[in-house]
Amino acid sequence: MLNRYAKFAWVPISLSVLLTSAAQLLFRMAMKQGALAPDNGMSLIASISNGFTAVDALTLFVGILLYGVSLIVWVIALTHYPVSFAYPMLSISYILVYIAATRIPALDESPNLTQTIGIGVIVVGIWFLSRERRGT
């Protein structure tokens, strides 16, 4: 199933998950700023032109860049693994983003029981999906 680079085949999946997670956190940081807060009544375009700071723009740009690099790395991962195995591994980013979002003070997000249980379900699902098929 895996090609001659199988020894390092896990690297692209892991890197893609980490890059995607970092990108999502940067997107949230850029959008959380006051100019783009959802309660200010402005559309996204209006808020960008009226108050999107250079720091917000840079944060958003770096997030987009990381997301793009993640896509390239993901395509590389698909040369090593079938999509039926690799795609569920992307859900690890849900876990990483949840943990990071509740730990990064700038995001001001609090964990709650329902989300934590949901993350637990994802972990169990990843475990089941990653199990090697035997006898097939």
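Just so it is clear, none of the values below were taken in a lab; they were calculated from the coordinates. Note that the coordinates shown come from a computational prediction; the quantities given were computed from them, not determined experimentally. Methodologically, a virtual Cβ is constructed for each residue, glycine included, from the backbone with ideal geometry; neighbour enumeration extends over all protein chains shown.
Simple spin-label estimate for LEU65 and ARG131 gives 4.3 nm between the two label positions (7 Å along the Cα-to-Cβ direction from each Cα). What would the Debye formula give as log10 I(q)/I(0) at q = 0.29 Å⁻¹ for the alpha-carbon point model of the range 68-117, no solvent? Evaluating at q = 0.29 Å⁻¹ gives log10 I(q)/I(0) of -1.05. Note on the range 54-87 and the range 92-133: Cα centroid distance 19 Å, given to the nearest whole angstrom. Computing FRET efficiency as 1/(1 + (r/R0)^6) for LEU113 and LEU18, where r is the C-beta to C-beta distance and R0 is 25 Å, gives about 0.40.
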